[in-house]
Amino acid sequence: MLNLLHIKNVAVIEKADLSFGPGLNVLTGETGAGKSIVIDAIGALIGGRVSKDIVRTGADSALITAQFDMDDMIKSWLSDNDLEPPEDDVLLISRKITSDGRSTCRVNGVPLSVSQLRQLGQLLIDIHGQNDGQKLLGEANHRAYLDAFGGLEESAGRCRELYRKFRETQRAYEELKKSEKDKELRIEELQRQINEITSANPKHGEQEELLERRHILKNAGRLTEYVEKAYYALYGDENSSGALPLLMDAEADVEAASRISETIGELAESMRDVRYRLEDVTGQLAELRESLDFSPGELESLEGRLALLQRLERRYGSVEDMLDRLEKAQKELEDMENLSERLEAFRLETEKRRQEMLKTAKQLSDKRKKAAKTLQARIAEELKQLSMPGVRFEVEFVKKDEPDETGLDGIRFLMSANVGEAMGRISRIASGGELSRIMLAMKNVLSSTDNVGILIFDEIDSGVSGVAAQRVGEKLAELAETKQILCVTHLPQIAVMADKHYSIEKKQIDNRTYTIVNPLDIKGRKKELARLIGGDNVTDVTLSGAGELLEAASKFKERKKSL
């Protein structure tokens, strides 16, 4: 239950504190006084869309705070969202909207996102706005109404899930069927790719090695010349001595000198080290000289190999890409060769899922038809109580050839507004007042199937008057026996049924507009009801009429309690 509501700097409301009670809470006032602003503030509080325009002109921010009693469902939601339920079982929600359009939301002082607040709000309050009756005109909503009444949301969800799985398998099956048409061509292409890459046998780093070898081959003559000259310069030939033999002679002389003078010994050792290094270099040159043996066809063969690898690189990418393509092609070829078996397996799985979906859809359809009979009877009884005894209400089923995500049933609500007239679509038959009452009947019937404890009606009286308005008021009072109701109305027949009554009044003070919210005592209620009856001409007669209305409403409630 909503106990307290604090509104600050919301539109023309500078500040308002409202204390709501159980049962029917009514807000009345002149058109434009700001009644709907209170409802809009509650909508913002539970996660509705807001803009900076909601902030009162000249204020830095707007603030809406409300205190609710908690039930087990709310405690469970808090626990699921890692929020500790307070020990006093009081839920405090606040939302602050700044003049630049930003907002912050808190539950018991803990920040929440707007989406979380919206989830929580859907568990707390159901707001029926002035245009919500139009939802009845949208036949796409009728199935949801029926499922909610029959408690079939879980079965409908199961049907949607089975349909999704069926469509997944069906799409995969269709893709395989397309593949089968091009099977031979695809197998031929895969085999070509596999043979091409396998026969080439590309290796990591091979191109770099080949490019280096090609450079050597293209400069073979000059390379051989340089190596030969270096080798003979170190080793010598038949015509001259090289550096190594000369160094060996020098080493021998120094060795001999060291035997005469010990101080020359270190020099002899150094000469020996130099000789060792030079012998090593000369040996490496000798090996390099012997390796420079180029066959005439090597360059041509190497160029061909490079051209092959470069062609494959343009087609498949790097060596890593080639090997990856090879692996995938081999796997796909294996799948293609087993395509017939896979196709049959998918066909069987698709049919299995179709049958499972069809079975579930038929079961859901049977449950819907059973629920529809009860709904029709309940709505008929509600409409009778709302001064619509001649209205007939019917749930029409149009069977689909194949089930979809919603099942086998096309569902729409039909009605006949008068005795003897044929059934037709609500959108073509119902007047504004009839829509309001049908929607109220739906709310009353569905109230036993949901867990939301607070219902808000913003001008449910649209298009109704006289006895019909009286019946709407009585129906709201009946609904308020199990739910807390907040209702904005212009009609005395509805306002008189209130358990708690607020007057919304607009005033101008110092060239500023203010909306004032006043709780009414019995005297104030009589005056406000008299205004609703006679406008500004509040007379003893209208006041007396207001008193009679209050007395009649009290007797009605007493009779209801005694039943």
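The values are calculated or read from the model by the stated rules, or taken from the named source; none is laboratory data. Quick caveat: nothing in here was measured; it's all calculated off a predicted structure. Cβ sites come from the backbone with ideal geometry, for glycine too, and all protein chains shown count toward neighbours.
Tabulated data for the structure shown
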| item | result |
| --- | --- |
| Leading residue by the ranking (surrounded by the fewest Cβ atoms within 10 Å (Cβ to Cβ)) among those in the stretch 361-375 that are out of contact with any Asp or Glu (no Cβ under 9 Å at 6 or more places or on another chain) and not charged (D, E, K, R) | 374 |
| Lone qualifier among 341, 356 - being touching a residue at least 60 places away in the same chain (Cβ under 8 Å) and over 30 Å from residue 200 (Cβ atoms) | 356 |
| Criterion violated by residue 126 - all others in (1) modelled with pLDDT under 80; (2) outside any helix (DSSP H, G or I) satisfied | (1) |
| Of residues in the stretch 249-265 being closer than 16 Å to residue 276 by Cα and either touching a strand residue (DSSP E or B) at 6+ places or on another chain (Cβ under 6 Å) or of a type in the set (A, V, I, L, M, F, W, C) (or both), the one surrounded by the most Cβ atoms within 10 Å (Cβ to Cβ) | 254 |
| Any hit, the stretch 315-333, residues being in contact (Cβ under 8 Å) with a residue 12 or more places away in the chain, within 30 Å of residue 164 (Cβ to Cβ) and surrounded by 14 or more Cβ atoms within 10 Å (Cβ to Cβ) | yes |
| Verdict on residue 115 being in contact with a Gly (Cβ under 9 Å, 6 or more places away or on another chain) and either assigned by TED's automatic domain parsing to the domain that holds residue 489 or acidic (Asp, Glu) (or both) | yes |
| Breaking point among (1) surrounded by 19 or more Cβ atoms within 10 Å (Cβ to Cβ); (2) touching an Asp or Glu at 6+ places or on another chain (Cβ under 9 Å), for residue 47 | (2) |
| The stretch 55-89, residues that are charged (D, E, K, R) and either under 17 Å from residue 114 (Cα atoms) or buried (at least 17 other Cβ atoms within 10 Å of the Cβ) (or both) | 56, 80, 82 |
| Some residue of the stretch 381-404 being of a type outside the set (D, E, K, R), outside any strand (DSSP E or B) and at pLDDT 90 or above | no |
| Count of the stretch 153-168 residues which are over 16 Å from residue 359 (Cβ atoms) and surrounded by 14 or more Cβ atoms within 10 Å (Cβ to Cβ) | 1 |
| Filter pass, residue 301 being over 34 Å from the mean Cα position of the chain (by Cα) and more than 30 Å from residue 472 (Cβ to Cβ) | yes |
| Pairs with Cβ under 6 Å, 6+ apart, first in the stretch 267-287 and without any contact (Cβ under 8 Å) to a residue 60 or more places away in the chain and assigned to a helix (DSSP H, G or I), second surrounded by 12 or more Cβ atoms within 10 Å (Cβ to Cβ) and of a type in the set (Phe, Trp, Tyr) | 282/235; 285/231 |
| Some residue of the stretch 529-544 being among the aliphatic types (A, V, I, L, M) and in contact with a Lys or Arg (Cβ under 8 Å, 6 or more places away or on another chain) | yes |
| Breaking point among (1) closer than 26 Å to residue 153 by Cβ; (2) β-branched (Val, Ile, Thr); (3) out of contact with any His (no Cβ under 6 Å at 6 or more places or on another chain); (4) crowded, with 21+ Cβ neighbours inside 10 Å, for residue 398 | (4) |
| Near pairs, Cβ below 7 angstrom, 6+ apart or cross-chain, from the stretch 41-64 (over 13 Å from residue 104 (Cβ atoms)) to any residue that is among the acidic types (Asp, Glu) | 52/100; 56/14 |
| From 494, 533, 504, residue being surrounded by fewer than 24 Cβ atoms within 10 Å (Cβ to Cβ) and assigned by TED's automatic domain parsing to the domain that holds residue 71 | 504 |
| Candidate set from the stretch 549-563 (those that are within 17 Å of residue 495 (Cα to Cα) and in contact (Cβ under 8 Å) with a residue 24 or more places away in the chain); member that is surrounded by the most Cβ atoms within 10 Å (Cβ to Cβ) | 549 |
| Residues of the stretch 323-354 classified as of a type in the set (A, V, I, L, M, F, W, C) and farther than 16 Å from residue 189 by Cβ, total | 5 |
| Scan of the stretch 405-423 for residues that are in contact (Cβ under 8 Å) with a residue 40 or more places away in the chain and in a strand (DSSP E or B), ordered by number | 407, 408, 409, 411, 412, 413 |
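Residues checked against (1) modelled with pLDDT under 90; (2) more than 48 Å from the chain's Cα centre (by Cα); (3) farther than 18 Å from residue 127 by Cα; (4) in a helix (DSSP H, G or I):
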residue: 457; (1), (2), (3), (4): yes, no, no, no
residue: 475; (1), (2), (3), (4): yes, no, no, yes
residue: 486; (1), (2), (3), (4): no, no, no, no
residue: 508; (1), (2), (3), (4): yes, no, yes, no
residue: 524; (1), (2), (3), (4): no, yes, yes, yes
residue: 536; (1), (2), (3), (4): yes, yes, yes, no
residue: 542; (1), (2), (3), (4): yes, yes, yes, yes
residue: 550; (1), (2), (3), (4): yes, yes, yes, yes
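Okay, residues lined up against (1) of a type in the set (Asp, Glu); (2) within 30 Å of residue 318 (Cβ to Cβ); (3) at pLDDT below 75; (4) over 60 Å from the mean Cα position of the chain (by Cα):
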position: 201; (1), (2), (3), (4): no, yes, no, no
position: 215; (1), (2), (3), (4): no, yes, yes, yes
position: 223; (1), (2), (3), (4): no, no, yes, yes
position: 232; (1), (2), (3), (4): no, no, yes, yes
position: 254; (1), (2), (3), (4): no, no, no, yes
position: 292; (1), (2), (3), (4): no, no, yes, yes
